[in-house]
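A.B. asks: This is the structure, below, for whatever I ask next.
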Amino acid sequence: MQNKKYWLGILPHVYYAQQKGKALLYNTKTGAHILTDSKLIITLLEQMHEKQNLGVIRVEAAISEQHSAFIRESAAKNICFIAEAVENQPKPIQLMPVLNLQRDMEKLQREDDRFIGESVLHYLSDITIYLNDSCSLHCCHCGQYDRQTAHCYKTDRTTHFDFELLQQLFQQLACAPLRMLRITGGNIFEYRYFNELCSWLKKKKIYPMFGIHCQNVDFAQLHKIKEFPLEIFVNFPAQKEIVHKTGAAELPRCSYSFLITGEPEYAAACAMAEECHLENYKITPIYTGNNVSFFEENIYVTEQDIVSERVPQRMIFAHQKLNSHFFGALHIYPNGDVKANPNQAVTGNIVQDKLLQIAERELTVNTAWRQIRNGEPCGQCLYQFLCPSPSNYEWVIGRQNLCSVQKMQSR
Amino acid sequence: MNAYLKTSFIKQQLSNLKQLTFEVTDACNLKCKYCGYGEFYNDYDKREDKNLPVEKAIRLLDYLLPFWQSEYNAAAHRHVYISFYGGEPLLNMPFIEQVVAYVEQLPITSRTFTFSMTTNAMLLNRYMDWLATKDFNILVSLDGDRDNNAYRVDRAGHEAFDTIVRNVELLREKYPDYFQRKINFNAVLHNKNSVEEIHRFFKEKYDTMPSIGELNNMGIRPDRQQLFQQTYRNQTESLFQAEHYEEIDRERFIKSPTYQTVCTFLHQYSGFVYHDYNELLYGKPESGNWITGTCPPFGKKMFITVNGKILPCERIGHQFALGQIGEQGVELDFKAIAKIYNRYFARLEGQCTRCFNKKSCTQCIFNMEDIDIDGKPVCHGFTTKEDFEQYESQVKNFIARHPEDYYRLMEEVVVE
């Protein structure tokens, strides 16, 4: 028995990360994982990950108790396998999880006859058009909402999206595989060409989602957008009677987005949704600069939070290459400016540039679409790519990581 | 009948065309024994020493331009290859010059046009200055050393080897940088050469690696079957017969059929290959709506014969033309094209459903016997469970023997 030899192999659905003397083995099919700081085990894992070994190494039967315990645990969690090495039988191999992204930016840049923007239309999936930038409301945190979630905005100007330009824009998007096309403002009901736009969209059978602040809802004009999906933004202090009235109006495709800044507002939003019998609503926390403790308690994640929900292999790969919140999104403002994210710089202007050119520029310049967790401290973290992509919260709060993991790992 | 192909998809392909190839002339100054338009075959239009009129090419370019500028265009920037093919294209140089001049002035900033040509190099000495100026990609047909090249003869039966090599040498001497960047070779494998000989010749003489092609085994005249079989050589078998098989295979890497097979397997079955960022983010699209390994029409290229026929590729019989450039304009009926493809696919769907290798099929419907005849064409690529297991095991054995090549294939090779 003692002389028996075995093959110890890592399974192909296992994500492996190693940082600062610790290693993580994560089963992407079940979420089961092993975290170790044992030098003995890490040496074993490093050997398995040497290219020539393709995930499998030969081990003796008489290995240490530490090894045995690891092998038992990893086999139980379907992370590693162990098989007797039979003479004259070939060594088993594993196809190790090497991400092969054919149209990776870096790969296309290396090829002489390729352009990074050669199929960029297919990436346009989430478009927000701001018809105007004027609004007479004085929301407490205006200027924060649209930087953190889909929302209306305003400036101190009064700009209206040129209607002809808007039509050209829709034309450019005609074959884009859009998952979301959102139209908001300003107060969209004050958009100079609102009537023309509604008629034109109906004629063309284009049905974007309109977004409007609840206090800007003009019940006299609501019928014009009855056929369209409608999202009503509700912040606090909220005017319950308006929410109630819109809830009672015949708007079959209406949803609500509550923006909350703390626990009391969360409770109020839930109560309002119940009282007004809202079926389709979401609640989004908004950082104000003064409510970090609310975020620490409710948004920041712990190590346990990260591993408690299974992250599939594809998403781990995705987190290495793109930002899953922002990829494919463009925000188009009434003066024609385009941003990949409201927190980032302008990428182009549709008066001068085609949307495809702007998207290509975003792929190259990368203000948002390919922002991943490769900075400090996430770049040194075992959970770097298990974590969701950086979100708007990171940008507005000014922290790369909204978690307590680094503190844990440095212990 | 299942709608595998829709007209809008064909418009999309045209709007994002990667390569447009003109059969400039059907005349040739060589008479190679195995020529695709020669004695072995019966699936091409009669060769009449004709030239493709420039007007037809211009008519086609004018037809395509609005597609490239349409809402179906997905590219901010894209390379489009404008390729010249024959016969021997250098026999109709005025056509090439005029088309190049026309393409260069097309009012479209989203396209970068790259010119390319397949030539036997017999007239390269005359035109190399102009070709170098236009930075042409040139693919020279040459089958190896003098003996290997014995089938490439002129109309009087004299060997072409000396002239070809002399012209190639001249080009290398005159334009060494251009030669290194833009000149490639294609060798046809047959019974007078071998993969090993071809590989060695080009390595020693030009320090380069040619592509190696087999004789097309479709459209063979029944009375030439035996002769064809005598001439034909299979690339994999020829490679296995090489004394330094492993070394050649590794050097040829993705140009070798072994590596190509492994690469195809990994792309379809490893689960770690993603076409683009969308596949990473949203997952792979359902593969349900396409069968066989046939390219979508104009998905890779458009080929124009000397008679103005429009084909999806130069490697298929002229009877499969999808349209033509007529006197009045370009005649492409998208509905009719979709119908043809859907009809052919319908004839195969039963076999495809049962095939264990349908995900990585490389079988083109137009290279399948009897596809255009009602009844059931037989797919020679049909794979049973046992066949597939054997294929998988061969691939895994290869990877076990060459573990580092697994990483090389996954990290370096761009095939799409």
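A.B. asks: Note down the Stokes-Einstein diffusion coefficient of the protein assembly as shown in µm²/s, whole number, using a Kirkwood radius over alpha carbon pairs, 20 °C, and 1.002 mPa s.
C.D. replies: 69
A.B. asks: Under a plain spin-label model, where a point goes 7 Å from the Cα along Cα-to-Cβ, how far apart in nm are A:Lys282 and B:Gln319?
C.D. replies: Taking the two extended label points, one gets 5.7 nm.
A.B. asks: What nm value, rounded to one decimal, do you get for the distance between A:Gln380 and B:Lys205 when each label is placed 7 Å out toward the C-beta?
C.D. replies: 5.9
A.B. asks: If you take every DSSP beta bridge fully contained in chain A, what fraction is antiparallel? Give it as a percent rounded to 5.
C.D. replies: 50
A.B. asks: Rounded to the nearest 0.05, what FRET efficiency is calculated for A:Cys270 and B:Trp290 with R0 set to 60 Å and r the Cβ-Cβ distance?
C.D. replies: For R0 = 60 Å, the calculated efficiency reads 0.80.
A.B. asks: Here is a further query. For the modelled label position 7 Å from the Cα of A:Lys29 along Cα-to-Cβ, which residues of the range A:72-114 have backbone nitrogen atoms closer than 15 Å?
C.D. replies: In the range A:72-114, the label zone of A:Lys29 (backbone N under 15 Å from the point 7 Å along Cα→Cβ) covers A:74-82, A:94-97.
A.B. asks: Based on the Cβ-Cβ distance from A:Ala220 to A:Asp37, what FRET efficiency comes out when R0 is 45 Å, to the nearest 0.05? Present the calculation step by step, with values, prior to reporting the outcome.
C.D. replies: Numbers: r = 67 Å, r/R0 = 1.48.
In this case the efficiency is close to 0.10.
A.B. asks: Using R₀ = 60 Å, calculate the FRET efficiency as 1/(1 + (r/R₀)^6) where r is the Cβ-Cβ separation of A:Asn343 and B:Tyr407; round to 0.05.
C.D. replies: 0.95
A.B. asks: Could you tell me how far the Cα centroid of the range A:105-156 sits from the Cα centroid of the range A:244-262, in Å?
C.D. replies: When both Cα centres are located, 24 Å separates them.
A.B. asks: Can you work out the PRE-style zone for A:Ala69? Point 7 Å along Cα to Cβ, and I want the residues of the range A:32-51 with backbone N under 14 Å.
C.D. replies: The answer is A:35-42.
A.B. asks: Return, ordered by residue number, the residues of the range B:206-242 whose backbone nitrogen is under 14 Å from a label point located 7 Å along Cα→Cβ of B:Tyr44.
C.D. replies: Correct set: B:215-221.
A.B. asks: So for chain A, what percent of the C-alpha to C-alpha distances run longer than 42 Å?
C.D. replies: In whole percent, the share of Cα-Cα pairs in chain A beyond 42 Å is 28.
A.B. asks: Would you mind giving the mean number of other chain beta-carbons within 10 Å of the Cβ of each residue in B:66-78, as a whole number?
C.D. replies: 6
A.B. asks: Then there is this: How many angstrom separate the Cα center of the range A:7-74 from the Cα center of the range A:169-233?
C.D. replies: Taking the Cα centre of the range A:169-233 as reference, the centre of the range A:7-74 is 54 Å away.
A.B. asks: Then there is this: If the viscosity is 0.692 mPa s and the temperature 37 °C, what Stokes-Einstein diffusion coefficient in µm²/s follows for the range A:5-84 when Rh is the Kirkwood radius over Cα pairs?
C.D. replies: 262
A.B. asks: Quick query: amide H of A:Leu101 versus all other amide H atoms, modeled in the peptide plane; which residues come in under 5 Å with a sequence gap of 5 or more or a different chain?
C.D. replies: Those lying under 5 Å, H to H, from A:Leu101 are B:Tyr274.
A.B. asks: For each pair in B:Lys255/B:Lys335; A:Lys204/B:Lys6; A:Lys321/B:Lys18; B:Lys203/B:Lys300, compute the distance between the two Cα atoms and list the pairs where it is over 28 Å.
C.D. replies: Working: B:Lys255/B:Lys335 37 Å; A:Lys204/B:Lys6 21 Å; A:Lys321/B:Lys18 26 Å; B:Lys203/B:Lys300 30 Å.
Check vs 28 Å cut-off fails for B:Lys255/B:Lys335; B:Lys203/B:Lys300.
A.B. asks: Still on this structure: What accessible area, summed over both chains, is buried at the A-B interface (1.4 Å probe, Å², nearest 100)?
C.D. replies: The A and B chains share an interface burying roughly 4500 Å².
A.B. asks: A follow-up question, please. To check you understand DSSP bridge types, tell me what percent of the beta bridges within the protein assembly as shown (both residues inside) are antiparallel, rounded to 5.
C.D. replies: Details: 38 of 92 bridges.
Among the beta bridges of the protein assembly as shown, antiparallel pairing accounts for roughly 40 percent.
A.B. asks: Moving on. Mind listing the long-range amide H neighbours of A:Val59? Cut-off is under 5 Å, sequence gap 5 or more, other chains count too, H placed in the peptide plane at 1.01 Å from N.
C.D. replies: Result for A:Val59 returns A:Tyr6, A:Trp7, A:Leu8.
A.B. asks: What is the antiparallel percent of DSSP beta bridges lying wholly in chain B, to the nearest 5?
C.D. replies: Working: 12 of 38 bridges.
So the antiparallel bridges amount to about 30 percent of the total.
A.B. asks: Still on this structure, I have one more. Among B:303-309, B:335-341, how do they line up by average Cβ neighbours within 10 Å per residue, starting with the highest?
C.D. replies: Answer by packing, highest mean first, reads B:303-309, B:335-341.
A.B. asks: Pop a pseudo-label 7 angstrom from the Cα along the beta-carbon direction at both B:Asp370 and B:Arg126 and give the gap in nm to one decimal.
C.D. replies: Placing both labels 7 Å along Cα→Cβ, they lie 4.7 nm apart.
A.B. asks: In chain B, if every C-alpha pair distance is counted and binned at 20 Å from zero, what percent goes to each bin?
C.D. replies: Taking every Cα pair in chain B, the percentages come to 23, 60, 17, 0.
A.B. asks: If you count only protein heavy atoms and use a 1.4 Å probe, how large is the accessible surface of A:Cys175, to the nearest 10 Å²?
C.D. replies: Here the residue's solvent-accessible area equals roughly 40 Å².
A.B. asks: Further question: Let me check against my output: what whole-number percent is the relative contact order of the range A:5-84, with C-alpha pairs under 8 Å and at least 6 apart?
C.D. replies: 43
A.B. asks: With just the Cα atoms of the range A:12-145, tell me how far they stretch along each of the three principal axes, in Å, largest first.
C.D. replies: 78, 48, 25
A.B. asks: Same structure, new question: Please compute, for peptide A:117-125, the average count of beta-carbon atoms on other protein chains lying within 10 Å of each residue's beta-carbon.
C.D. replies: That works out to 6 on average.
A.B. asks: Considering only C-alpha atoms, what is the centroid distance from the range B:102-165 to the range B:197-217, in Å?
C.D. replies: The range B:102-165 and the range B:197-217 have Cα centres spaced 16 Å from each other.
A.B. asks: Ok, one more. Which ³J(HN,Hα) values in Hz, rounded to whole numbers, follow from the phi angles of the range A:187-204 under the Karplus curve 6.51 cos²θ - 1.76 cosθ + 1.60, where θ = phi - 60° and Gly and Pro get x?
C.D. replies: So the J values, rounded to whole Hz, are 8, 4, 5, 9, 5, 4, 10, 4, 4, 4, 4, 4, 5, 5, 4, 5, 4, 7.
A.B. asks: For B:Asp405, tell me the accessible area in Å² from a 1.4 Å probe, rounded to the nearest 10.
C.D. replies: Estimated to the nearest 10 Å², B:Asp405 gives 10 Å².
A.B. asks: What size of dipole, in debye to the nearest 20, comes out for the protein assembly as shown about its Cα centre when the only charges are +1 on Lys and Arg C-beta atoms and -1 on Asp and Glu C-beta atoms?
C.D. replies: 640
A.B. asks: Normalising by the residue count of chain A, find the relative contact order in percent from Cα pairs under 8 Å and 6+ residues apart.
C.D. replies: Contact order relative to length: 16 percent.
A.B. asks: Averaged across the residues of A:309-316, what count of C-beta atoms belonging to other chains lies within 10 Å of each residue's C-beta?
C.D. replies: Values: counts 0, 0, 0, 1, 2, 9, 3, 0.
Partner-chain Cβ atoms within 10 Å, mean over residues of A:309-316: 2.
A.B. asks: Cut-off 10 angstrom, C-alpha nodes, Gaussian network model of chain A. Which of A:Lys154, A:Lys51, A:Lys224 fluctuates the most?
C.D. replies: Sorting by GNM fluctuation, first place goes to A:Lys51.
A.B. asks: Hey, what did the range B:104-230 get for relative contact order, percent, Cα under 8 Å, at least 6 apart?
C.D. replies: 24
A.B. asks: Could I ask something else about it? Over the range A:5-84, give the accessible area per residue in Å² for a 1.4 Å probe, as an integer.
C.D. replies: Here the residues of the range A:5-84 average 45 Å² of exposed surface.
A.B. asks: Give me the percent of the accessible area of the range A:5-84 that comes from carbon and sulfur atoms, probe 1.4 Å, all protein chains in place. Write down the numbers at each step before the final one.
C.D. replies: Values: 1880 of 3610 Å².
Heavy-atom surface of the range A:5-84 belonging to carbon and sulfur, 1.4 Å probe: 52 percent.
The values are calculated or read from the model by the stated rules, or taken from the named source; none is laboratory data. A quick note: this is a predicted structure, and the numbers were derived from the prediction, not measured. Because the Cβ atoms are built from the backbone with ideal geometry, glycine has one as well, and the counts that use them run over all protein chains shown. Each accessible area value is taken on the protein alone, full model and side chains, heavy atoms only, with ligands, DNA and RNA left out. Shrake-Rupley method; radii C 1.70, N 1.55, O 1.52, S 1.80 Å.
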